[in-house]
1. Considering 159, 110, which residue is exposed (fewer than 15 other Cβ atoms within 10 Å of the Cβ) and in contact with a strand residue (DSSP E or B) (Cβ under 9 Å, 6 or more places away or on another chain)?
2. Hey, residue 181 hits all of (1) under 17 Å from residue 138 (Cα atoms); (2) touching a strand residue (DSSP E or B) at 6+ places or on another chain (Cβ under 7 Å); (3) surrounded by fewer than 17 Cβ atoms within 10 Å (Cβ to Cβ) but one; which does it fall short on?
3. Any residue in region 114-137 that is buried (at least 19 other Cβ atoms within 10 Å of the Cβ), touching a residue at least 40 places away in the same chain (Cβ under 8 Å) and either over 15 Å from residue 80 (Cβ atoms) or touching a helix residue (DSSP H, G or I) at 6+ places or on another chain (Cβ under 7 Å) (or both)?
4. With respect to residue 242, determine if the residue is at negative phi and either within 60 Å of the chain's Cα centre (by Cα) or outside any helix (DSSP H, G or I) (or both).
5. For the condition surrounded by 12 or more Cβ atoms within 10 Å (Cβ to Cβ), part of a loop (DSSP other than H, G, I, E, B), modelled with pLDDT of 75 or more and more than 28 Å from the chain's Cα centre (by Cα), what is the one hit in 24, 5, 18?
6. Assuming residue 32 fulfils every condition listed in (1) out of contact with any helix residue (DSSP H, G or I) (no Cβ under 9 Å at 6 or more places or on another chain); (2) modelled with pLDDT under 95; (3) exposed (fewer than 14 other Cβ atoms within 10 Å of the Cβ); (4) in a loop (DSSP other than H, G, I, E, B) apart from one, which condition is it?
7. Can you find even one residue in region 204-220 that is crowded, with 17+ Cβ neighbours inside 10 Å and under 22 Å from the mean Cα position of the chain (by Cα)?
8. Write out, first by first residue and then by second, each pair whose Cβ atoms fall under 6 Å of each other, whose residues are 6+ apart or on separate chains, and whose first residue, in region 47-65, is free of Cβ contacts under 8 Å to residues at least 12 places away in the same chain while the second is crowded, with 21+ Cβ neighbours inside 10 Å.
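The values are calculated or read from the model by the stated rules, or taken from the named source; none is laboratory data. Treat the numbers as computed from the prediction; the structure is a model and nothing was measured. All Cβ positions, even for glycine, are placed from backbone atoms using ideal geometry, and neighbour counts span all protein chains on display.
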């Protein structure tokens, strides 16, 4: 659990800390590119459904995280592109205010660009390590998918996470991040996506709906095939019954013919013996 270091706040016993309703929640600066925005949404929306099913946890991005009482004055930090906090209510927030929530994010993902890559890999990484104590930090460049990395906090310092089986594992979330080639909202590229540890993609709501529709169609087809097989079996059974009836008729006719022949022979023998 990434708890908030209270040192600087305890130095201000008479200072009334602002709430999220009193703090700025938007600076009017847009995301870097459309692809950055879509990548952020893809990570958030797929994880949001999972957290909702679990009943707790919060995921969002491009939102202010207030960890210092001085931030309102200096506006020295804007939130990460994607961040995840475990064991908290899933309610709506305007900003993430650490002294209200009682903890900092557990997982952070930054989406690199030419203008932010150096800062994200140095100063911001140190901020997450030293000030916010974020348990796991990842970065990914949507325009250069080979530039991706993960770190976990160990002994107060970030240690690199190995890329195993083409994935970076988040122990905090018990999920993995993979590079997925596909199309999302009209853009075909390599995206960063969540998977289970078993390798199953966390689906977007529309993907889940499409999959359900496909499964229902498949079930309907299987049911139709089973009905056709049952009908064919019924036809075969009817043919076998008809064949059996025909054979029984032939046997009866043969028996009647044999009985008639026997009666004829007996009559002839009786006529001879007169």
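1. Selected residue: 159, the only one of 159, 110 that is exposed (fewer than 15 other Cβ atoms within 10 Å of the Cβ) and in contact with a strand residue (DSSP E or B) (Cβ under 9 Å, 6 or more places away or on another chain).
2. For residue 181, the exception is condition (1).
3. Yes; the residues of region 114-137 include at least one that is buried (at least 19 other Cβ atoms within 10 Å of the Cβ), touching a residue at least 40 places away in the same chain (Cβ under 8 Å) and either over 15 Å from residue 80 (Cβ atoms) or touching a helix residue (DSSP H, G or I) at 6+ places or on another chain (Cβ under 7 Å) (or both).
4. yes
5. After ruling out the rest, the residue left standing is 18.
6. (3) is the only condition that residue 32 fails.
7. Yes, region 204-220 has at least one match.
8. These pairs meet every condition: 48/59.
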